[in-house]
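What follows is a single structure, written as structure tokens, with notes after it.
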Amino acid sequence: MLKDYTKEFSYNLKLSLPVMLGMLGHTLVSLVDNIMVGKLDPTNLAAVSLGNSFIFIGMAIGIGFSSAITPLIAEADSEKNHYKLQSTFFHGIILCTALSLILFLSIFLFRDIMLLMNQPKEVVELALPYLELVVISLIPLLIFQAFKQFCDGLSLTIYPMYAAVLANVINVLINYVLIFGKFGFPQMGIIGAAIGTLISRVVMLVFLILIIKYNSKIKECLNNIRSIKFDKLMFKKILNIGIPSSLQMVFEVVFFTTAIWLSGLLGENPQSANQIALNLSSMTFMIASGLSVSAMVRVGNQKGLKNYIDLRRISFSILLLGLILALFFALCFILFNDILPYIYVDLNNPINYDDNLEVIGITSKLLIIAAVYQISDTIQVIILAALRGMQDVKIPTLITFISYWLIGFPVSYFLGSDDMLGSEGIWIGLLCGLTIAATLLYIRFNILTNRLITKN
């Protein structure tokens, strides 16, 4: 019985591994960025955290919309329906390009809202110019996402990985040179990190377009795509999946973003600790995210074939693999919770020694909670992707809203005050929200798949 699930591990990993490596590479770059910025001082690290909190919301909206492309492409590919495939890609590009411009303008025009958020003044002063540069990178990033989701839907996950790896290498090199002022360049601090992010995302988009242009399989799929005309029904179909998917991501990202803002109310050191813990936990989250792409693609394929027994079996196989990996990383967090924070701070700096010591102490406690919540996070992200592959998005959206905002956020707000548990309380709220979401989404998936099997 167990073999029915474990035999899928190799193919699931083959499909997921390029996504994992690409996302992990991106997260490692974020890790390196945070380490570099953290070497400046905790204020700069807190400023990057605050600036990125706005970017993450924009990314969540854009990536959520673009994720509608993958299940539709996967379904069309299994059906051998080239017109549907081309139309999905065409309308997906239009949507992501338009959305990238809207999000850029929205964040840029309303960036001064952080002045009203009761964040430390010195943090806001550094965060504003950083945000003004990084927000431009949303345009190439979201257009890249359209191409990436298209490749994922065709199970060609390795090509976006190549683009991401190249971009990450460029990002690290530029950041090192500009943050610290190496090789004759001026020392630009976090502005240098912003420039590195912008350049790397432009390179990532251009490189992936070139790969697609010269790949024979993709060229065959997109043959005569210029003949595709705007179709209101196809555009509406993408929006029907994209809007709820986007809301799901927004609910989760804003939920985590409030953790940054709530930490900022506690002071610079708790905010820096929160950023370190989020950065470390996001590295393991990328593993689950990679598997979620595999779930979305393979479920979309099986839906196109109307093979619902295999759809359920493959989904549980991916979930089992995700849980095994999540348990491994949870153990690592528990065993090394006192060691990992040292990567981000410079205890040799006598000026910031006491602050850095406090950051380490807070972070080590948060990593214990992160060890537990990433198990729940793995379940919810994989099941959510499987449901998206089935094109079931409306009820899951409601589930995520209830879990994160009617349960998780109130717990974070109540327990996260100075006179309660502080940073630990904020993260207990995160744990509650993710656990409730994981439970309800699993129930939803179980009901739907059993219903489909019974009917067919």
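A short reminder: the numbers here are calculations on the coordinates, not readings from a lab. Predicted model only: the values in this text are computed from it and were never measured. Cβ atoms come from the backbone with ideal geometry, glycine included; neighbour counts cover every protein chain shown.
Some observations on this one:
- Expressed per residue, the C-alpha convex hull volume of the range 331-456 stands at 119 Å³.
- Principal-axis tilt of helix 158-180 within the chain, Cα atoms, nearest 10 degrees: 10 degrees
- Helix-only mean residue ellipticity at 222 nm for the chain, each DSSP H run of n ≥ 4 adding -39500 (n - 2.57), per residue, nearest 500: -28500 deg cm²/dmol
- A convex hull fitted to the Cα coordinates of the range 92-169 yields 108 cubic angstrom per residue.
- On full extension, the segment bounded by I334 and Q187 gains 49.2 nm, given 0.36 nm per residue less the C-alpha separation.
- Taking the Kirkwood radius as Rh and the Cα radius of gyration as Rg, the range 93-229 has a ratio of Rg/Rh equal to 1.07.
- Rounded tilt (10° steps) of 9-40 against the dominant C-alpha axis of the chain: 20 degrees
- As a length-normalised measure over Cα pairs under 8 Å and 6 or more apart, the relative contact order of the chain settles at 22 percent.
- If a spin label sat at a point 7 angstrom from the Cα of I113 along the line to its beta carbon, the backbone N atoms of the range 257-281 nearer than 18 Å would be those of 257-265.
- Radius ratio Rg over Rh of the range 199-238, counting only Cα atoms, Kirkwood formula for Rh: 1.12
- Contour excess over end-to-end distance, with Cα ends at I225 and I94 and 0.36 nm allotted per residue: 45.8 nm
- For q = 0.13 Å⁻¹, Debye-computed log10 I/I(0) when each Cα of the chain counts as one equal scatterer: -1.20
- Residue order, fewest to most beta carbons within 10 Å, for F414, F65, F285: F414, F285, F65
- Distance from the alpha carbon centroid of the range 300-327 to that of the range 206-247 works out to 25 angstrom.
- Translational D in µm²/s for the range 233-342 (Stokes-Einstein at 37 °C, 0.692 mPa s, Kirkwood Rh from C-alpha pairs): 194 µm²/s
- Prolate/oblate/rounded label for the range 372-437 (Cα gyration tensor, a/c 1.5): oblate
- Lysines whose Cα lies under 22 Å from that of K7, excluding same-chain neighbours fewer than 8 positions away: K303, K306
- Inverse mean reciprocal Cα-Cα distance (Kirkwood Rh) of the range 56-139, Å: 14.9 Å
- Cα centroid of the range 88-157 to Cα centroid of the range 396-455, whole Å: 26 Å
- Our estimate of slack between T454 and L233, defined as 0.36 nm per intervening residue step minus the Cα-Cα distance, is 76.5 nm.
- Footprinting exposure proxy for W261, W427 (fewest neighbouring C-beta atoms within 10 Å first): W261, W427
- Cβ crowding within 10 Å, taken as a proxy for footprinting-reagent exposure, orders C151, C221 from fewest neighbours to most as C221, C151.
- In percent, rounded to a whole number, the relative contact order of the range 49-206 is 28, using alpha-carbon pairs under 8 Å and six or more apart.
- Label reach from K213 (point 7 Å along Cα→C-beta): in the range 144-160, no amide nitrogen lies under 14 Å.
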